[in-house]
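Heads up, the thing below is written out as structure tokens.
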Amino acid sequence: EWIGKRGQKKLREKSGLIIGCGALGATTATILVRAGISNLRIVDRDIVEISDLSRNMLFDETDVTKMMPKPLAAKKKLKRINSEVKIESIVDDVNSGNIERYAKGMDIILDGTDNLETRFLINDLSLTEKIPYVFGACVSSQGMVMNIIPGKSPCLRCFIEEVPQYGSLATCETAGVLPSIPIVIGAIQANEAIKILINNETVEKRLIFIDIEKNEFSKLKVDRREECPACRGEYEYLMRRKGTDATILCGRETVQISPPKKIHLSLEELAKRLALRGEIVVGKHLIKFAPNKEKEIIFFSDGRALIKGTGDKKIARSLYSKYIGN
Ligand SMILES: [Zn+2]
């Protein structure tokens, strides 16, 4: 008996946090909701775009037209799948200033992010708060899954030491992602998460590697690294102070700007102010503003902005300060 009635009952008492609701996060969310987890918290910073529809199983064209933030669109669908699951959707950028709050009370964290900095941050938090973390990542036709069980397994930084120099690594920006791979990887992540939550003895101890181009499946033993800073108690990513931050969103020609502290932006006032300076669409949760044909800026009420049409942090920062201030 793999799950059985006992496992089902256990799962109904568990809470999970999914960070990032792209194709990976949407897949794990769907499976966990169908499996009957008690509570699912989904955090993502972006809105649904047409390019998401090629691989994201939760979204459709209506979400694109309505400019739905991903966690809200996800919640709507997931509620229809299993109304008994409590679903919290949070539109925010996960960083060192808020991750503890979002992880509070959670029994597991699932990786749906698209960058190593956030993954190292989750890894730090997993170790300090002793919450298991299921790492998952894909690029091109390949993907990986690794369970990080605090106190028992090596951690993510035992496996990957540092964030590689920009441009030295194939990312979804340069290599793209085959639509099927995040679904395969997400399914394995969800499966491992369920095993961890119900204390199944088959929890995978190795790193799983899959390449769907030639259908290669392999498992790799990861050793604890003597010099691993996180395992030695140096939580570099969790301790990092947050400043005004510009982040490139992988594969989307978009830069996110987030203020160091939460501010409250009156979207109504901002819309009035910007109406004379370009084209503007007011959504329920955001404003879409196009100062010209090449660029588009999405403003959220917490002061965050997504600058679309550029991958250059400097340009993005200057546009932000032009319309919002410093
Ligand atoms: Zn480590």
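The values are calculated or read from the model by the stated rules, or taken from the named source; none is laboratory data. This is a predicted model, so every value here is computed, not measured. Every residue, glycine among them, receives a Cβ derived from its backbone with ideal geometry; neighbour counts consider all protein chains shown. Heavy atoms of the whole protein, side chains included, go into the accessibility calculation; ligands, DNA and RNA do not. Shrake-Rupley method; radii C 1.70, N 1.55, O 1.52, S 1.80 Å.
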**Message:** Can you order the peptides 191-199, 253-261 by their average number of other Cβ atoms within 10 Å per residue, highest first?
**Reply:** 191-199, 253-261
**Item:** Percent RCO, i.e. relative contact order, over the chain, from Cα pairs under 8 Å lying at least 6 residues apart
**Value:** 15
**Request:** Would you give the gap between the C-alpha center of region 71-91 and the C-alpha center of region 1-52, rounded to a whole Å?
**Result:** 10
**Prompt:** Among rounded, prolate and oblate, which fits region 4-239 when a ≥ b ≥ c are the square roots of the eigenvalues of its C-alpha gyration tensor, a/c under 1.5 means rounded, and a/b larger than b/c means prolate?
**Reply:** rounded
**Message:** Going Cα to Cα from Lys308, which aspartates and glutamates come in below 12 Å? Please leave out same-chain ones fewer than 8 positions away.
**Reply:** Asp46, Glu49, Glu253, Glu294, Glu296
**Request:** Sort out the exposed loop chymotrypsin sites (Phe, Trp or Tyr not before Pro) in the chain (DSSP loop, at most 13 other Cβ within 10 Å) and tell me the longest stretch that has none.
**Result:** 3-165
**Message:** Give me the dipole magnitude in Debye, nearest 20, for region 1-48 about the Cα centre, with unit charges on the beta carbon: positive for Lys and Arg, negative for Asp and Glu.
**Reply:** 340
**Prompt:** Rounded, prolate or oblate: which one fits region 62-119, using the alpha carbon gyration tensor with axes a ≥ b ≥ c (rounded when a/c is under 1.5, else prolate when a/b beats b/c, else oblate)?
**Reply:** oblate
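Enter the accessible area per residue of the chain (Å², integer; probe 1.4 Å; all protein chains in place). Walk me through the numbers on the way to the answer.
Numbers: 16050 Å² over 326 residues.
Using a 1.4 Å probe on heavy atoms only, each residue of the chain averages 49 Å².
What does the charge dipole of region 4-239 about its Cα centre add up to, to the nearest 20 debye, if the Cβ of each Lys and Arg holds +1 and the Cβ of each Asp and Glu holds -1? Spell out each step's value before the answer.
Numbers: 33 positive and 33 negative charges, 290 e Å.
In debye, rounded to 20, region 4-239 gives about 1400.
Could you pull out the pairs from Lys5/Lys284; Lys9/Lys130; Lys5/Lys79; Lys9/Lys66 whose alpha carbons sit more than 32 Å apart here?
Values: Lys5/Lys284 42 Å; Lys9/Lys130 23 Å; Lys5/Lys79 23 Å; Lys9/Lys66 38 Å.
From the list (Lys5/Lys284; Lys9/Lys130; Lys5/Lys79; Lys9/Lys66), the Cα-Cα distance tops 32 Å for Lys5/Lys284; Lys9/Lys66.
Tell me whether region 245-323 comes out rounded, prolate or oblate; compute the Cα gyration tensor, take square roots of the eigenvalues as a ≥ b ≥ c, and use a/c under 1.5 as the rounded threshold. Write down the numbers at each step before the final one.
Working: a/c = 1.73, a/b = 1.22, b/c = 1.42.
In terms of gyration-tensor shape, oblate.
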**Net charge of Cβ neighbours under 14 Å - reference Gly105; Lys, Arg +1; Asp, Glu -1** = +1
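Determine, from the Cβ-Cβ distance of Lys104 and Leu220 and an R0 of 22 Å, the FRET efficiency 1/(1 + (r/R0)^6), rounded to the nearest 0.05.
Details: r = 33 Å, r/R0 = 1.48.
Calculated transfer efficiency: 0.10.
Can you flag which of Lys261/Lys313; Lys77/Lys313; Lys104/Lys322 are past 25 Å Cα-Cα?
Checking Cα-Cα distances, Lys77/Lys313; Lys104/Lys322 exceed 25 Å.
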**Message:** Mean Kyte-Doolittle hydropathy of -0.5 or higher plus an axial Cα length of 30 Å or more: which whole DSSP H helices in the chain meet both?
**Reply:** none
**Asked** With all protein chains present, how much of the accessible area of the chain (probe radius 1.4 Å) comes from carbon and sulfur, to the nearest whole percent?
**Response** 49
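For region 245-323, with only Lys/Arg (+1) and Asp/Glu (-1) charged at the beta-carbon, what is the dipole magnitude about the Cα centre, in debye rounded to 20?
Details: 16 positive and 9 negative charges, 24 e Å.
Around 120 debye, computed over region 245-323.
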